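Notes follow once the structure below has been shown.
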Amino acid sequence: MDQTSKERQLKIYELKTEILHLLQDLKKDLKLIIEDRFLDENTQKNELEKFFKDKEYVDLNMFLSKYLSILEKPASSMESSELTVLKEKENLLNTIDSIMRRLEFTVHKLDKLGEKAQWVLDQLSFKDYMEQVKKELEQNLEKAISRTLNKDVSKLKQKLKKIDDINSYEELKVFQKQIEGEINLYISHDIFPKIEHIFNNYKKDLAKKIDQYVQKLHIDPELKERINEELSEMVDSFGIKASQFYYIAPDFPPDIFNYSRNFSELEILKENLPSTRFIAIFSSGLLLLAIGFMIPDRTYELLVSGLGIVILIYSVLDSIYMNDYFYRKYTAMIKNMIRKEFERSIENIKDDIKEKLMKISEKFEKNISHIVEKETKDIQNYLLDINSIRKVYVRYIEELENFSKSVEEV
């Protein structure tokens, strides 16, 4: 045997020994996987455990033992040195290739299990589905509230007739407290039972939508049953209280009826100019002034003209401080504004109820989503196990690929 052939054969023996140790390490890692993940006999076996522990681990152990014994056999030296090297090289490459293909088969199987688990997980994370359902149910909720409470809102607005009798801020405060108490009493006794009925229907519709979705999933029947049981418990236990729905009367500034504080004297005068009282007094003053200018007697002229000027000045002062034309007009405007504010606040009872129901519903939906997330935790752990085992196989495949390249180079 020449020196080059001897060196090549020694190199092949070294690589055989390293591959032998690599396969022994693989067997140890496989055993660790079993001990770390699949030794608990009390838990129900999932598909990964059935595949890996009951089949793959056993089959691969036998497979590796076979190739370990092949690698441990000494090379035949009956043929020429160069032929021996070539044969050893070919055998080693075939061995590496067989082991790699065997490990790649397992990786392929793990990928299939992972894809299936991920598909189930993606189905259960029903964010898009829930957004569609929420949009539909929110529209139904709004229609139900509007349809059910329209008559009640109209009835409550009839209580606003008393606004016509209000003429001061103090009277307005008394009316605010009175109507707030009356409306809240009406909400708790007459409206809340209707709200509760609407919300209970909403809960049932939401649970029904989710149940329909869960039933279509290709998941374990026991998982479906667990989700449905928890959904039923959630629907039964989640409720609303009358104290969550109340009315607050609109607030108004203390000087709302005090038009003299909101308008200047010039503005008040301007607003009172069209009044009959101002026109009559002002016209009388102008008439006397005109008559005075026409009287030939100087004394009577000054007397009549002076009286006319006094009446003109009085008409201005009367218009600013005593004429109630603009006050009555302003008061009517304020009462109309107050009425509209109360009407708007009563009309908003429907929107307020809808908003509160939606907030309560969001909490209800989050609790339901939490149920599904909790039940999918096992699937997430299952995926982690698959990926963890897959990494072990991929690492050994990569190392075998490197050995194959090293053998090729010999």
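Does any residue of region 284-292 turn out to be free of Cβ contacts under 8 Å to residues at least 40 places away in the same chain and open to solvent by less than 30 Å² (accessible area, probe 1.4 Å)? Checked against the condition, which is being free of Cβ contacts under 8 Å to residues at least 40 places away in the same chain and open to solvent by less than 30 Å² (accessible area, probe 1.4 Å), region 284-292 yields at least one hit. Meeting the requirement of 3 or more residues that are in contact with a Gly (Cβ under 9 Å, 6 or more places away or on another chain) and not hydroxyl-bearing (Ser, Thr, Tyr), the helices (runs of 4 or more DSSP H) wholly within region 169-241 are 192-216.
From the list Lys134, Lys109, Lys162, Lys157, the lone residue that is under 30 Å from Phe364 (Cβ atoms), in contact (Cβ under 8 Å) with a residue 12 or more places away in the chain and among the basic types (Lys, Arg) is Lys134.
Scanning region 210-236 for residues that are open to solvent by 50 Å² or more (accessible area, probe 1.4 Å) and of a type outside the set (S, T, N, Q) yields a total of 12.
When every residue of region 334-346 is checked against the conditions, at least one turns out to be more than 30 Å from Lys143 (Cα to Cα), modelled with pLDDT of 75 or more and open to solvent by less than 80 Å² (accessible area, probe 1.4 Å). With respect to the conditions (1) outside any helix (DSSP H, G or I); (2) farther than 25 Å from Lys329 by Cα; (3) of a type in the set (Phe, Trp, Tyr), Phe257 falls short on a single one, namely (2). In region 384-398, the count of residues that are part of a helix (DSSP H, G or I), open to solvent by less than 70 Å² (accessible area, probe 1.4 Å) and modelled with pLDDT under 85 is zero.
Across region 103-151, what is the number of residues that are at pLDDT 85 or above and of a type in the set (Gly, Ala, Ser)? Residues in region 103-151 being at pLDDT 85 or above and of a type in the set (Gly, Ala, Ser): 3 in total. For region 259-269, the count of residues that are assigned by the TED database to the domain that holds Asn200, of a type in the set (A, V, I, L, M) and surrounded by 15 or more Cβ atoms within 10 Å (Cβ to Cβ) is zero. Taking first residues from region 316-331 that are more than 13 Å from Glu267 (Cβ to Cβ) and partners that are open to solvent by less than 10 Å² (accessible area, probe 1.4 Å), the Cβ contacts under 8 Å between residues at least 6 apart in sequence or on separate chains come to Asn323/Asn272; Asn323/Ser275; Tyr325/Asn272; Tyr325/Ser275. Across region 154-203, the number of residues qualifying as of a type outside the set (Asp, Glu) and over 40 Å from the mean Cα position of the chain (by Cα) comes to 11. Restricting attention to region 292-307 and to residues that are of a type in the set (Val, Ile, Thr) and outside any loop (DSSP other than H, G, I, E, B), the residue that is nearest to Phe282 (Cα to Cα) turns out to be Val304. Gly239 meets each of the listed conditions (1) without any contact (Cβ under 8 Å) to a residue 60 or more places away in the chain; (2) buried (at least 17 other Cβ atoms within 10 Å of the Cβ); (3) closer than 30 Å to Leu357 by Cβ apart from (2). Within region 334-350, residues that are assigned to a helix (DSSP H, G or I) sit with their Cβ atoms under 7 Å from residues that are of a type in the set (S, T, N, Q), at 6+ positions apart or across chains, in these pairs: Lys350/Ser146.
The values are calculated or read from the model by the stated rules, or taken from the named source; none is laboratory data. Predicted, not measured: the structure shown is a model, and the values here were computed from it. So basically every Cβ, Gly included, is an ideal-geometry build from the backbone, and we count neighbours across all protein chains shown. The area values use the complete protein model at the heavy-atom level, side chains included, leaving out ligands, DNA and RNA. Shrake-Rupley method; radii C 1.70, N 1.55, O 1.52, S 1.80 Å.
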